[in-house]
Every structure is written in structure tokens, then in C-alpha cells.
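Reading through the C-alpha cells given below for one structure.
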Amino acid sequence: MATGVITKHFSRLPGGLSCYPRLLFTSRPDLLSVVDPPSFEMRVDRLSIRAGHVARYGEACGFDAAAARSGHVPVTYPHVLAMPLHLQIMALPTFPLRPMGLIHLSNTIEGPGELRMDTPLALVVHARNYRRGDAGLLFDMDTEITDGGRPVWRETCTFMSRWPESMNRTGGRPPRPPKAPKDSEVLAEFPVTAGTAWRYARVSKDFNPIHLHDRPARYFGLRGAIVHGMWSLARTLAQAPDDGVSSRGARLETQFLTPVQLPARTSIKRWHEDGVAKRALCDVRTGRVHMLTYWKG
């Protein structure tokens with residue numbers, strides 16, 4: 001489903017904050033009228049990873065800031081590096097879906113190369129692969145970072161725009177999210193608050209109001225503000241980062257199952273299944289899984 005590709009090249013990474021008025025107030029077509037939407041491509045020819053920003057990201061997500069200052073780049077960090085281009089695409093008047101109503105369903109990250117600080121990199125982001133699902137219209141936001149033309153990091157975020165309630169095709173209540181195995185290891189337990197969301201928003205430039213205020217979150221059908229899904233993933237990987245997720249060639253698969261309603265108390269659980277390392281961010285009270293991530297190098 002595509003009628004062409006809309007492209008834009010930047011000589012340097014643009015800002016993201018200036019996009020928010022267009023993200024919030026640009027009118028979008030009725031979802032049911034969206035047919036053959038275009039693909040979008042945003043490209044930055046030259047950028048670099050700065051240790052100071054990686055350290056601030058590490059502090060917001062629970063990574064070792066000292067390791068970041070010494071050159072270690074968390075495998076989830078490039079997502080925030082690419083965020084301004086995600087916002088640039090969604091802010092375009094030709095982008096057909098309402099950005100504030102999008103649901104982040106899943107995420108895939110691959111690291112075929114080494115992410116190095118203070119090295120000229122190129123970044124390209126595509127919004128494409130639109131398809132219809134039972135609950136809404138899905139598309140992929142694909143990101144690739146290259147170093148001297150060689151791919152060093154790739155990501156696919158799958159988003160969904162929900163059908164109107166009158167078009168609900170799920171045939172009843174959604175299934176309950178799973179629970180981690182009873183014998184899984186609890187790595188940590190901690191509160192998640194509005195302060196958590198604001199710290200991540202400042203470092204990631206993701207100021208989507210559903211993460212920061214109850215009222216806009218309720219407007220979009222939530223019970224209140226929810227923490228960023230990519231913070232959940234990063235925080236889960238930051239705890240005891242010794243399972244090989246950052247090894248070259250590893251493929252990290254993540255499913256966002258239920259949002260973390262603020263405030264919350266969560267736990268990180270770890271287990272192995274058929275040779276695959278798995279982790280989950282869970283609700284302490286109910287045991288339900290908010291987010292599940294797994295990898296095999």
C-alpha cells in the first residue's frame with residue numbers, strides 16, 4: 001500500500017521540539033478514508049554520538065553513566081538519536097495518521113556493527129509498510145545508522161492507529177497479558193512515577209502528552225498518563241546488563257503488551273527459554289507483563 005515516497009535530507013540533525021504544534025494541531029483525514037498512503041524518508045548525512053548525551057540518557061534509564069562516558073553506547077540509545085526524524089515525519093501535513101493516537105506495538109533492534117562516539121555517522125528513517133490489522137492500521141518506522149556506508153544499527157518500530165470503536169474487529173475483550181514464569185529471577189523492584197516520565201522526555205525529546213499528563217492521556221482513551229515504552233525497554237536492559245544483548249549481531253525483539261500506568265510499582269524478571277534470554281517488566285501487584293523482550297545472539 002503505497003503511492004510514492006516523500007523524502008527530505010538534512011545536513012545536520014534537526015530539532016524535535018518545534019514539531020509539537022504540528023503534531024498536535026495538524027488536521028488528519030478520517031482513518032477509514034486512508035487508502036494507499038505514501039512512504040516517507042528522512043535522512044541526515046552527518047551526525048555523531050556525544051558522550052555527554054549518552055551519559056544523561058544512561059542516568060534516566062538506569063545504565064551506568066560512567067560506562068557511557070568511557071565510550072559504551074547502550075543498544076537502545078540510537079532510538080532517541082533518531083527521534084527528531086520520527087517527529088519530522090509525523091509532523092508533515094501529508095502524514096495521514098494522527099500522531100498522538102498512535103500505539104507502539106513492538107520493536108526490533110539489530111546491531112550488525114559497532115556504535116562509536118565522536119565518529120561521523122549517517123542516519124535514515126523510513127515510515128512505510130502500511131497494512132490493515134483487526135484493531136487498526138499498522139505501519140513500520142525503520143531506522144538505519146551507518147558508519148562509512150556500513151550498517152551499524154537498525155531498528156523497526158511497529159505502530160498502530162486504532163479503528164473507530166464502531167469498526168472494532170477484535171470480537172470481544174483483548175486477551176489478558178501473560179505473566180512471567182513462576183521460577184523467573186527477580187532482578188529489581190522499583191517505583192515508576194511522573195518524574196520518571198519527565199526525565200526520559202527531557203533526554204529523548206519525546207514530549208508526547210500522554211506520557212506527561214493525565215488529561216490528554218484520558219482524551220486518547222487511557223486511564224491516565226503512561227510511561228514511555230522505550231524507557232521500559234531501556235530500564236529493563238540496564239539492570240544487570242550481562243546477558244549478551246549488546247553483542248554484535250544480536251537481534252532484540254520487544255513486545256509492548258500493557259502500558260505502565262503512572263504511578264506504578266514494577267519489577268524486572270529474567271529467565272531463559274529454549275536457549276533464548278528473556279526479560280519482562282511486570283506489575284508487582286498483579287504479576288502481569290507490561291513489556292517482554294528477548295534476544296539470541
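Return the only residue of Arg199, Arg154 being within 26 Å of Tyr57 (Cβ to Cβ) and part of a helix (DSSP H, G or I).
Arg199
List the residue pairs whose Cβ atoms are under 7 Å apart, where the first residue sits in the stretch 30-45 and is closer than 14 Å to Ala82 by Cα, the second is among the charged types (D, E, K, R) and not in a strand (DSSP E or B), and the two are 6 or more positions apart or on different chains.
Filtered contacts from the stretch 30-45: Val44/Arg12.
Can you tell me how many residues within the stretch 230-285 are within 21 Å of Gly113 (Cα to Cα), out of contact with any helix residue (DSSP H, G or I) (no Cβ under 9 Å at 6 or more places or on another chain), among the acidic types (Asp, Glu) and not in a strand (DSSP E or B)?
1
So Asp134 ticks every box in (1) assigned to a strand (DSSP E or B); (2) loosely packed, with under 12 Cβ neighbours inside 10 Å but one. Which box is left unticked?
(1)
Which members of the stretch 69-107 meet the condition of being hydroxyl-bearing (Ser, Thr, Tyr) and in contact with a Leu (Cβ under 7 Å, 6 or more places away or on another chain)?
Thr76
Restricting the search to the stretch 111-129, which residues are within 18 Å of the chain's Cα centre (by Cα) and assigned to a strand (DSSP E or B)?
Leu123, Val124, Val125, His126, Ala127, Arg128, Asn129
Of all residues in the stretch 28-59, which are within 21 Å of the chain's Cα centre (by Cα) and of a type in the set (S, T, N, Q)?
Hits for the stretch 28-59 are Ser39, Ser48.
Within the group Met90, Met83, which residue is within 17 Å of the chain's Cα centre (by Cα), farther than 19 Å from Ala122 by Cα and hydrophobic (A, V, I, L, M, F, W, C)?
Met90
Search the stretch 247-276 for residues being among the hydroxyl-bearing types (Ser, Thr, Tyr) and closer than 16 Å to Arg288 by Cβ, and hand back the single one that is surrounded by the fewest Cβ atoms within 10 Å (Cβ to Cβ).
Among those residues, the one meeting the criterion is Thr258.
Among the numbered conditions (1) modelled with pLDDT under 90; (2) within 24 Å of Asp64 (Cβ to Cβ), tell me where Lys269 comes up short.
(1)
Considering (1) over 29 Å from Pro21 (Cα atoms); (2) charged (D, E, K, R); (3) in contact with a strand residue (DSSP E or B) (Cβ under 6 Å, 6 or more places away or on another chain), say which one Arg162 fails and leave the rest.
It is condition (1) that Arg162 fails.
Quick one: is Trp153 buried (at least 18 other Cβ atoms within 10 Å of the Cβ), touching a residue at least 12 places away in the same chain (Cβ under 8 Å), closer than 30 Å to Ala51 by Cβ and among the hydrophobic types (A, V, I, L, M, F, W, C)?
Spelling it out, Trp153 is indeed buried (at least 18 other Cβ atoms within 10 Å of the Cβ), touching a residue at least 12 places away in the same chain (Cβ under 8 Å), closer than 30 Å to Ala51 by Cβ and among the hydrophobic types (A, V, I, L, M, F, W, C).
Quick one: would you say Thr108 is assigned to a strand (DSSP E or B) and among the polar types (S, T, N, Q)?
Yes, satisfied.
The values are calculated or read from the model by the stated rules, or taken from the named source; none is laboratory data. In this text the structure is predicted, and so the values were computed from the model without any measurement. We place every Cβ from the backbone using ideal geometry, glycine too, and count neighbours over all the protein chains shown.
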